[in-house]
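So the structure is just underneath, and the comments pick up after that.
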Amino acid sequence: MRQRDKTRAGAEIKQPLDVMAFGAHPDDVELLVGGTLAKLAKQGYRTGAVDLTRGELGTRGTEEIRAKESAAASEILKLSVRENLGIPDGHIEKSQDHILRVIRVLRQYRPRLIMIPHWEERHCDHVHTSELVAEAAFYAGLKKIETGQESFRPFRVLYYVGRMGFRPSFIVDVSETFDTKMKAVRAHQSQFHRGQEEAKAGEAQTFISSVYALEVFETMAKYYGAMIGAKYGEPYLMREAVELADPVAFFREFPDGRLPHLFPTP
Ligand SMILES: [Zn+2]
């Protein structure tokens, strides 16, 4: 990655990305924002994903297997870009080296929006990813931090939900791309339950390899979908307030009569 950065440094960016999602491990982005990425790609936007580590501390799979699985999942989600920063799994510290790796990838692809884990999470690697990328996104805009590339700061940072839940700023209806998302998740074959075949192989069990794990993620998508009257939803939180030029147009009814949000009224 660092070698490739050097050769690409300063290279002209023909078309910046619209969205770039960051995950700590190679299957995080699929699980937590896969429906949104698939939907945006379908709408013609340029999407990308960056995994900070190769997930080498994971109980199952190897670096090589996981890299192949990521490539297959990226195809399914129709990502324009998938990068791995090669930060050691379990050591996502906010070091100068790690901040620079994130700055380089941001300046290279210039995404308008970035998606990162919420700062409150069960897995320490996700918490550290949230802090590291948020900080790097700010510093990427400072000219005097030199990487041989033009400075750049993403327009907005969107936090995605993990296991702790939150009250979102907005929810994306992913009903139409939920199947695509789950297909991309299952491309990470070493991580998820594979029935009989797995029992024969006698593989170690983890939370996400259990029969129930995929049901948990589906239930979460249904839970957030229910808040907007959709079958499946993926929630996002922003630290800033959202400016609306035209609230009347924004809060219009959908053509099918649904309202954009269905929070219960007192
Ligand atoms: Zn993870």
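The values are calculated or read from the model by the stated rules, or taken from the named source; none is laboratory data. The structure presented is a predicted model; accordingly, all values stated were derived computationally and were not measured. Heads up, the Cβs are rebuilt from the backbone with ideal geometry, glycines too, and the neighbour counts pull from every protein chain shown.
Which of the residues spanning segment 15-36 are within 16 Å of the ligand (Cβ to nearest atom) and in a helix (DSSP H, G or I)?
Scanning segment 15-36 gives ASP28, VAL29, GLU30, LEU31, LEU32, VAL33, GLY34.
Touching a residue at least 12 places away in the same chain (Cβ under 8 Å), assigned to a loop (DSSP other than H, G, I, E, B), touching a strand residue (DSSP E or B) at 6+ places or on another chain (Cβ under 7 Å) and not polar (S, T, N, Q), is that true of PRO88? Steps first, answer last, please.
Details: touching a residue at least 12 places away in the same chain (Cβ under 8 Å): yes; assigned to a loop (DSSP other than H, G, I, E, B): yes; touching a strand residue (DSSP E or B) at 6+ places or on another chain (Cβ under 7 Å): no; not polar (S, T, N, Q): yes.
The answer is no for PRO88.
Within the set of pairs 6 or more residues apart or between chains, which connect a residue that is without any contact (Cβ under 8 Å) to a residue 60 or more places away in the chain and outside any helix (DSSP H, G or I) inside segment 120-142 to a residue that is crowded, with 22+ Cβ neighbours inside 10 Å and aliphatic (A, V, I, L, M) with Cβ atoms less than 8 Å apart?
Every condition considered, the pairs that remain are ALA140/VAL102; ALA140/ILE103; ALA140/LEU106.
Would you point out which residue out of GLU64, GLU69 is more than 16 Å from the ligand (Cβ to nearest atom), of a type outside the set (Lys, Arg), modelled with pLDDT under 95 and not in a loop (DSSP other than H, G, I, E, B)? First the steps, then the outcome.
Numbers: GLU69 fails: more than 16 Å from the ligand (Cβ to nearest atom).
GLU64 is the lone residue from the list that is more than 16 Å from the ligand (Cβ to nearest atom), of a type outside the set (Lys, Arg), modelled with pLDDT under 95 and not in a loop (DSSP other than H, G, I, E, B).
Kindly indicate whether any position in segment 205-228 is free of Cβ contacts under 8 Å to residues at least 60 places away in the same chain, among the basic types (Lys, Arg) and either buried (at least 20 other Cβ atoms within 10 Å of the Cβ) or touching a Ser or Thr at 6+ places or on another chain (Cβ under 7 Å) (or both).
No.
For segment 95-107, check the following and say yes or no: at least one residue is in contact with a Lys or Arg (Cβ under 9 Å, 6 or more places away or on another chain) and either closer than 24 Å to MET164 by Cβ or surrounded by fewer than 21 Cβ atoms within 10 Å (Cβ to Cβ) (or both).
Within segment 95-107, none of the residues are in contact with a Lys or Arg (Cβ under 9 Å, 6 or more places away or on another chain) and either closer than 24 Å to MET164 by Cβ or surrounded by fewer than 21 Cβ atoms within 10 Å (Cβ to Cβ) (or both).
Is it the case that some residue within segment 95-105 is closer than 19 Å to PHE155 by Cα, within 13 Å of the ligand (Cβ to nearest atom), in contact (Cβ under 8 Å) with a residue 24 or more places away in the chain and touching a Phe, Trp or Tyr at 6+ places or on another chain (Cβ under 7 Å)?
Checking segment 95-105: not a single residue is closer than 19 Å to PHE155 by Cα, within 13 Å of the ligand (Cβ to nearest atom), in contact (Cβ under 8 Å) with a residue 24 or more places away in the chain and touching a Phe, Trp or Tyr at 6+ places or on another chain (Cβ under 7 Å).
Just name the residue that is nearest to the chain's Cα centre (by Cα) out of those in segment 116-133 that are within 17 Å of VAL33 (Cα to Cα) and away from the ligand (no atom under 14 Å from the Cβ).
TRP119
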